[in-house]
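The values are calculated or read from the model by the stated rules, or taken from the named source; none is laboratory data. Quick caveat, the model's predicted, so the values are computed rather than measured. Here Cβ is always computed from backbone atoms with ideal geometry, including for glycine, and neighbour counts include all displayed protein chains.
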Ligand code: HEM
């Protein structure tokens, strides 16, 4: 394990992949405490996350570090308060809300497309940065009823700084305590402050319009304000803050990562790029795209499904066992740390043929979520609450942008993803923007 510290810090996903290839679907790491396992077989991962979920906790290094930023929000919380919070927020993710997600995504992408059509635009853009800003705007408008166009750059940078520093802390056994004013700690504190003040402004604005007698928007913020009250009936502002920061962070970097990798893969497969553009041209006219149009965009959707297989943004899921669990004929004791990686499971040769090949065709006419060994949004009760939101948003962004532009990477060499909280290209995705002829 000592010799592995370097490789783990450089590329933890490559390290885990190598462990699975060398030692198989159940690997125990030689560290004394806690007993730590990598579980990689699709069936075992499903059993653990679905039927084993009642005997698990999220009190792992991964989620505890993330909680430095998100507090006790839905993603990191155990039950209680998890179940009740999920119930409170679920209506914001109901199927009936997806038409709104399409409309908000349409607005954000169309504004970008219109700007690009104006004279004097730079020929080269960093698509990773563009995807981050667009997805932040969609979260802000669809869930928080806010217009963050002018804040987007600062907020996405703060999100990346905050997430990268919690990951760096998690991977450094000698990380200085949070109270020491080291440059890293100061950067993290400043980034959290930026996220906090954006969320505070949302809450202040809601309070102001409520006292002016305005009707609520009925969005996530209203659900939280109505549902998260302390025992005396007063608004639990800290709990609402934690949820809003959770959704800000969980809801935008993940979608941006998926879209960035989708563009990366499409650019390397010109035949897919051609079909994607042809489909988008046939479906997207002058009218705004509607939710019902999405069934006419199977290529865009299958590109997203296949990208999420090859580059799952949430590449690692961890659990602490609160009761023993049988895996591959062995009993993992209570207290164990279990590591599961969608990135490894989704290339498992037992369930995927040619697992490393980009082939959106494998998802054409297939409900991706029904496939064995496919879990980009997790499985079981802790599965992503924003799954449909994310799929709708990503499909709309991909289709509208492909309708108007092609993107040619400046560097054709393969990119090794940086495995931070999500998978990201380490130096962005600079591309030349080429308009598609009408
Ligand atoms: C492509 C985009 C996305 C991916 C790949 C993704 C992935 C995941 C995964 C794997 C989990 C489960 C983690 C675990 O079991 O430990 C999760 C949970 C969660 N995701 Fe997502 N997510 C995405 C988009 C979103 C969006 C758009 C939102 C909100 C708008 C969101 C909010 C959440 C929340 C709040 C949880 C915690 C749910 C709970 O524990 O009840 N995610 N996500």
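More than 11 Å from the ligand (Cβ to nearest atom), part of a helix (DSSP H, G or I) and at pLDDT below 95: which single residue out of 274, 204 fits that description?
204
Name, by its number, the condition in (1) within 16 Å of the ligand (Cβ to nearest atom); (2) assigned to a helix (DSSP H, G or I); (3) more than 24 Å from residue 272 (Cβ to Cβ); (4) out of contact with any helix residue (DSSP H, G or I) (no Cβ under 7 Å at 6 or more places or on another chain) that does not hold for residue 344.
(4)
Restricting to segment 271-292, name every residue that is in contact (Cβ under 8 Å) with a residue 24 or more places away in the chain and over 20 Å from residue 435 (Cβ atoms).
288, 290, 291
Counting only residues that are in a loop (DSSP other than H, G, I, E, B) and surrounded by 20 or more Cβ atoms within 10 Å (Cβ to Cβ), how many does segment 406-419 have?
Within segment 406-419, residues that are in a loop (DSSP other than H, G, I, E, B) and surrounded by 20 or more Cβ atoms within 10 Å (Cβ to Cβ) number 1.
Cβ-Cβ under 8 Å, sequence separation 6+ or interchain: first residue in segment 374-400 and within 20 Å of residue 280 (Cα to Cα), partner more than 6 Å from the ligand (Cβ to nearest atom) and assigned to a loop (DSSP other than H, G, I, E, B). Which pairs?
From residues that are within 20 Å of residue 280 (Cα to Cα), the pairs are 395/297; 396/289; 399/284; 399/289; 399/297; 400/284; 400/289.
For segment 67-83, enumerate the residues that are more than 10 Å from the ligand (Cβ to nearest atom) and either in contact (Cβ under 8 Å) with a residue 60 or more places away in the chain or buried (at least 19 other Cβ atoms within 10 Å of the Cβ) (or both).
67, 68, 69, 71, 72, 81
Limited to segment 32-90, what total is found for residues that are in contact with a strand residue (DSSP E or B) (Cβ under 9 Å, 6 or more places away or on another chain) and part of a helix (DSSP H, G or I)?
Residues flagged as in contact with a strand residue (DSSP E or B) (Cβ under 9 Å, 6 or more places away or on another chain) and part of a helix (DSSP H, G or I) within segment 32-90 amount to 10.
Please tell me if residue 354 is more than 16 Å from the ligand (Cβ to nearest atom) and closer than 27 Å to residue 35 by Cβ.
no
Find the residue count for segment 30-52, including only residues that are within 14 Å of the ligand (Cβ to nearest atom) and surrounded by fewer than 16 Cβ atoms within 10 Å (Cβ to Cβ).
Residues flagged as within 14 Å of the ligand (Cβ to nearest atom) and surrounded by fewer than 16 Cβ atoms within 10 Å (Cβ to Cβ) within segment 30-52 amount to 1.
Any idea which residue in segment 369-405 is nearest to residue 277 (Cα to Cα), counting only those that are more than 8 Å from the ligand (Cβ to nearest atom) and not in a helix (DSSP H, G or I)?
405
Any residue in segment 163-174 that's free of Cβ contacts under 8 Å to residues at least 40 places away in the same chain: show its pairings with residues that are assigned to a helix (DSSP H, G or I) and surrounded by 19 or more Cβ atoms within 10 Å (Cβ to Cβ) at Cβ separation under 7 Å, as long as the two are six or more apart or on different chains.
From segment 163-174, the pairs are 165/188.
Exactly one condition in (1) within 16 Å of the ligand (Cβ to nearest atom); (2) surrounded by fewer than 20 Cβ atoms within 10 Å (Cβ to Cβ) is not met by residue 339; state its number.
(2)
Among the numbered conditions (1) within 16 Å of the ligand (Cβ to nearest atom); (2) within 23 Å of residue 432 (Cα to Cα); (3) surrounded by fewer than 20 Cβ atoms within 10 Å (Cβ to Cβ), tell me where residue 170 comes up short.
(2)
Is it true that residue 362 is out of contact with any helix residue (DSSP H, G or I) (no Cβ under 6 Å at 6 or more places or on another chain), outside any strand (DSSP E or B) and more than 16 Å from the ligand (Cβ to nearest atom)?
Yes.
Considering only segment 323-330, I want to know if a residue exists there that is in contact with a helix residue (DSSP H, G or I) (Cβ under 8 Å, 6 or more places away or on another chain), at pLDDT 95 or above and within 11 Å of the ligand (Cβ to nearest atom).
Looking for residues that are in contact with a helix residue (DSSP H, G or I) (Cβ under 8 Å, 6 or more places away or on another chain), at pLDDT 95 or above and within 11 Å of the ligand (Cβ to nearest atom), one finds none in segment 323-330, hence no.
Being assigned to a helix (DSSP H, G or I), buried (at least 20 other Cβ atoms within 10 Å of the Cβ) and more than 16 Å from the ligand (Cβ to nearest atom) is the requirement here; does residue 165 meet it?
Taking the combined requirement at face value, the residue satisfies it.
Give the residue that is surrounded by the most Cβ atoms within 10 Å (Cβ to Cβ), with candidates limited to residues of segment 114-143 that are assigned to a helix (DSSP H, G or I) and in contact with a strand residue (DSSP E or B) (Cβ under 8 Å, 6 or more places away or on another chain).
Out of the qualifying residues, it is 128.
Can you tell me which residue within segment 223-268, out of those that are part of a helix (DSSP H, G or I), touching a strand residue (DSSP E or B) at 6+ places or on another chain (Cβ under 7 Å) and surrounded by fewer than 21 Cβ atoms within 10 Å (Cβ to Cβ), is modelled with the lowest pLDDT?
225
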